[in-house]
1. If a residue has to be touching a residue at least 60 places away in the same chain (Cβ under 8 Å) and closer than 15 Å to GLN115 by Cα to count, how many in the range 45-59 make the cut?
2. Being surrounded by 14 or more Cβ atoms within 10 Å (Cβ to Cβ) and of a type in the set (Lys, Arg), is that true of even one residue in the range 150-158?
3. Within the range 70-89, identify whether any single residue is under 21 Å from SER178 (Cβ atoms), part of a loop (DSSP other than H, G, I, E, B) and either open to solvent by 70 Å² or more (accessible area, probe 1.4 Å) or at pLDDT below 85 (or both), and answer yes or no.
4. Determine whether the range 126-139 contains at least one residue that is surrounded by fewer than 16 Cβ atoms within 10 Å (Cβ to Cβ) and farther than 17 Å from ARG70 by Cβ.
5. Those residues that are of a type outside the set (Gly, Ala, Ser), outside any loop (DSSP other than H, G, I, E, B) and in contact with a strand residue (DSSP E or B) (Cβ under 8 Å, 6 or more places away or on another chain), I need them from the range 120-142; list them, please.
6. Going through the range 90-101 one residue at a time, which ones are in contact with a helix residue (DSSP H, G or I) (Cβ under 9 Å, 6 or more places away or on another chain) and open to solvent by less than 40 Å² (accessible area, probe 1.4 Å)?
Amino acid sequence: MADFDTPLLTLVEDNWMSCSPNAAHELVSASSISSTRPSWDNYFMGIADLVSTRSTCLRRRVGAVIVMERRILCTGYNGAPSGITHCSETGCIRREMHVPSGERHELCRGVHAEQNAVIQAARYGISVLGASLYCTNQPCSICAKMIVNAGIVHVCFRQPYNDPMSLEMFSQAGLSLSIVEDEVDP
């Protein structure tokens, strides 16, 4: 049986305090912890944001999460392939050549976040047929082709990308698209 007079170390507003479990519960209940929860789209987009922090690209950090029935199947971020020197060490050839965003993808050493997520699923035998993809940025047309052929049926993104061909491909393939903005469920 718990001893409710035994002091606990409790984190309250970034400070560790010693208090009883009853006092800790009261402090947490009365603290600034919000009682609202993010929508599912914002929840998975937040995870995509976190995944993007692993990116090794010098121009743009992108994260992707593939989800089925509100369960995460796999993630991916943009960067050089496994075992290949990162652009942070070699430099960015696209930047050095002043290649505009969205053009000449073949000059990039990196693999896109969406591609890495699909590749990870394939590598570990995870079907993404019928899944949703959450990505910090609108997929490019190269990624759109992979997403369509992988059988992903819904794409959510936050930042648009200047690639109208990808949107046209998604439309022709019957994929649904959502732009996710910050919101919370009531």
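1. Looking only at that region, the number is 3.
2. So far as the range 150-158 goes, yes, one or more of its residues are surrounded by 14 or more Cβ atoms within 10 Å (Cβ to Cβ) and of a type in the set (Lys, Arg).
3. The answer is yes, given that some residue of the range 70-89 is under 21 Å from SER178 (Cβ atoms), part of a loop (DSSP other than H, G, I, E, B) and either open to solvent by 70 Å² or more (accessible area, probe 1.4 Å) or at pLDDT below 85 (or both).
4. No, every residue in the range 126-139 fails to be surrounded by fewer than 16 Cβ atoms within 10 Å (Cβ to Cβ) and farther than 17 Å from ARG70 by Cβ.
5. Applying the first criterion (of a type outside the set (Gly, Ala, Ser)) to the range 120-142 yields 120, 123-124, 126, 128-129, 133-140, 142.
Among the residues that remain, those that are also outside any loop (DSSP other than H, G, I, E, B) are: 120, 123, 133-137, 142.
If the condition is that a residue be of a type outside the set (Gly, Ala, Ser), outside any loop (DSSP other than H, G, I, E, B) and in contact with a strand residue (DSSP E or B) (Cβ under 8 Å, 6 or more places away or on another chain), then GLN120, LEU133, TYR134, CYS135, THR136, ASN137 are the ones that fit.
6. Passing the criteria: ARG94, VAL99.
Let's see how each residue does on (1) outside any strand (DSSP E or B); (2) modelled with pLDDT of 90 or more:
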position: MET1; (1), (2): yes, no
position: LEU9; (1), (2): no, no
position: ASN22; (1), (2): yes, no
position: GLU26; (1), (2): yes, no
position: SER35; (1), (2): yes, no
position: ASP41; (1), (2): yes, yes
position: ALA48; (1), (2): yes, yes
position: ARG59; (1), (2): yes, no
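Residue-wise test of (1) more than 19 Å from the chain's Cα centre (by Cα); (2) of a type in the set (A, V, I, L, M); (3) at pLDDT 95 or above.
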position	(1), (2), (3)
TYR134	no, no, yes
VAL155	no, yes, yes
ALA173	yes, yes, yes
ASP185	yes, no, no
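The values are calculated or read from the model by the stated rules, or taken from the named source; none is laboratory data. On a predicted model such as this, the values are computed, not experimentally measured, just so you know. Cβ atoms come from the backbone with ideal geometry, glycine included; neighbour counts cover every protein chain shown. Calculation scope for accessible area: heavy atoms of the full protein, side chains included, ligands and nucleic acids excluded. Shrake-Rupley method; radii C 1.70, N 1.55, O 1.52, S 1.80 Å.
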